[in-house]
Amino acid sequence: MSRVFVFAAGGGGKGRSWKWRDMLRFAHISQCADLAASIERDYDSLCVKQPIGRELFKLFCQSRQDLQNFMSLLDALVGDPQHHEVGRRAVGFRLQHRPEIPHDSGLTSHSDLHQCLSGEPFTQYQYSMFFDRFLQWKMLERQPITKQAFRQYRLLGKGGFGEVWACQVRATGMMYACKKLEKTHVKKRRGEAMALNEKQILEGLDSRFVVNLAYAYETKHFLCMVLTMMSGGDLKFHIYNMGEAGLQEERVRFYAAEVCCGLMHLHRKSILYRDLKPENILLDDNGHIRISDLGLAVKLSEGGLVRGRVGTLGYMAPEVVSHERYGMSADWWGLGCLVYEMTAGHPAFRARGERPKAAEMERRIQTEQEEYGDKFSKAVKDLCSSLLNKDPKERLGCRGYGGKEIQCHSFFKKVNFRMLEAGLVEAPFKPDPRLVYCSDVQDIEEFSAVKGVSLDQSDDNFYSKFNTGSVPISWQKEIIETGCFKELNTFGPEGSRSPDLDW
Ligand code: ADP
Ligand code: MG
Ligand code: MG
């Protein structure tokens, strides 16, 4: 079976619909008045965080002679982290040679630069045609989303409430994975809070190590979450179905480092993941991983703890098993379990093929010392046993420095975490694009509606909370990455505001 999708021609051969320009047609600026009045005028959100906002603010700066250098300085600062120092020095040097900036302005860092730009330039930007254009893009971003926005391809997997399908945005050609929750299944099993929780946590995240949410919408029968496409299979498959069980240390190190960064991103937002195990870590085409399936994740109040025995038994921390209150420590235990299983080729508290009863699993987790065979080097063994410390207060990652302490462990000595965070480290293993890395999903029976459950008005409140359409940062990235931004963001001659009659 081939994983190569055959796209309909048209739209420039990029998988876009031949009507893609119509789908992304700008509204007349007069139609953006409400948006202009209501949008929050926050520099950081409009000019730094939102990718299209950032592009347009950059174009604005480039159009003004006195600001041209600012943007290239900023790029020098945020670009390749290897060149951070170079960028910093360049800023220091070049600003000294700019008469309009006082010598003692001390403009040597990122935040200083932003502070300058967020003053007069940001005010002027909001009166410029570049900001008008930003509003036009925002109007497109806020269009309601229905299933007509996507083409559906093959089944990728199956979950508790429905299926996950490969899909493609007709307007841009971008591929995603669409997680479809059957409304009657959700209702029958009272999964509303869980579904909404997963969606709301996902939409607040933006990390290259966690699956991103791009759209949330509903159809007559389904609630749909459109997620980063991860077509390289899950780690469970790679540990057990690709030859001898277990992975080579280079790969263990790389995946563990990326998962560590993903968990740190979640923890910085006070989100506890709670479901770390190999099948929830997915690979993309390039061999990078992302944490997926945030159905059990919870947002903790500042420094707060939760109680609740959730997760998958073999991977639950001792403090979770024993009904105590717990915090981020549970995830670092999970990382220990993951590193152990990737290395040994079987879970930490269970031999291969063995199926102990729940009570026996609990006993082992709480009291038994896991064993380290000869597949474990000294460094990886030390990392595992520090993460699998039964006492959450003594556990690596839980002693006041969070994940930083793990990144400093000798097992990760060779890893440059700044490069990794910037996406500049190549994966040690690249999935073969001709292979499908999963058990045969075609055998999975189709999901059908549950009989005897009827949907009524009371469900609509929940559906409307779920059905929020495009997620701004993901949508803007998609528009830029697929080249649509470049092709459509043209301005009329001499800065007039009429690109191909759309205004
Ligand atoms: P559930 O929460 O119901 O367990 P999951 O989110 O785990 O659902 O998804 C079910 C299955 O679908 C996964 O085991 C995986 O095979 C597949 N899948 C999920 N998300 C993606 C994705 N982003 N890319 C590719 N496949 C995915
Ligand atoms: Mg799952
Ligand atoms: Mg889930």
key: Subset of the range 231-241 that is crowded, with 21+ Cβ neighbours inside 10 Å and not in a helix (DSSP H, G or I) - its residue that is nearest to ligand 1 (Cβ to nearest atom)   = Asp234
query = If you check Val298 against the conditions, is it of a type in the set (Val, Ile, Thr) and either more than 16 Å from ligand 2 (Cβ to nearest atom) or within 18 Å of Leu205 (Cα to Cα) (or both)?
reply = yes
request  = Scan the range 250-273 for residues that are surrounded by 17 or more Cβ atoms within 10 Å (Cβ to Cβ) and either free of Cβ contacts under 8 Å to residues at least 60 places away in the same chain or within 11 Å of ligand 1 (Cβ to nearest atom) (or both) and report the count.
outcome  = 2
ask   = Just a yes or no: is a residue in the range 119-126 crowded, with 17+ Cβ neighbours inside 10 Å and of a type in the set (Gly, Ala, Ser)?
value = no
One residue from Leu420, Leu335, Leu388 being touching a Leu at 6+ places or on another chain (Cβ under 6 Å), in contact (Cβ under 8 Å) with a residue 24 or more places away in the chain and surrounded by 15 or more Cβ atoms within 10 Å (Cβ to Cβ) = Leu335
inquiry  = Please go through (1) within 11 Å of ligand 1 (Cβ to nearest atom); (2) surrounded by 23 or more Cβ atoms within 10 Å (Cβ to Cβ); (3) part of a loop (DSSP other than H, G, I, E, B) for Val226 and return the number of the only condition it doesn't satisfy.
reply    = (3)
task = Working carefully through the options Val211, Val169, Val186, find the one that is within 25 Å of Phe485 (Cβ to Cβ) and within 16 Å of ligand 3 (Cβ to nearest atom).
result = Val211
task = Keeping to the range 127-164, report how many residues are buried (at least 20 other Cβ atoms within 10 Å of the Cβ), aromatic (Phe, Trp, Tyr) and at pLDDT below 95.
result = 1
ask   = For the range 455-495, what are the residues that are free of Cβ contacts under 8 Å to residues at least 12 places away in the same chain and either at negative phi or touching a Pro at 6+ places or on another chain (Cβ under 9 Å) (or both)?
value = Asp456, Gln457, Ser458, Asp460, Asn461, Ser464, Lys486, Glu487, Thr490, Gly492, Pro493
ask   = Hey, any hits in the range 279-291 for a residue that's more than 16 Å from ligand 2 (Cβ to nearest atom) and either among the basic types (Lys, Arg) or within 26 Å of Ala359 (Cβ to Cβ) (or both)?
value = no
message = Condition first: at pLDDT 95 or above and away from ligand 2 (no atom under 16 Å from the Cβ). Now tell me which residues in the range 168-186 satisfy that.
response = Gln168, Val169, Arg170, Ala171, Thr172, Gly173, Met174, Met175, Tyr176
ask   = Just for the range 197-246: of the residues that are of a type in the set (D, E, K, R), more than 16 Å from ligand 2 (Cβ to nearest atom) and in contact with a strand residue (DSSP E or B) (Cβ under 9 Å, 6 or more places away or on another chain), which one is farthest from Gln50 (Cα to Cα)?
value = Glu218
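The values are calculated or read from the model by the stated rules, or taken from the named source; none is laboratory data. For clarity, every value in this text was computed on a predicted model and none was experimentally measured. Cβ sites come from the backbone with ideal geometry, for glycine too, and all protein chains shown count toward neighbours.
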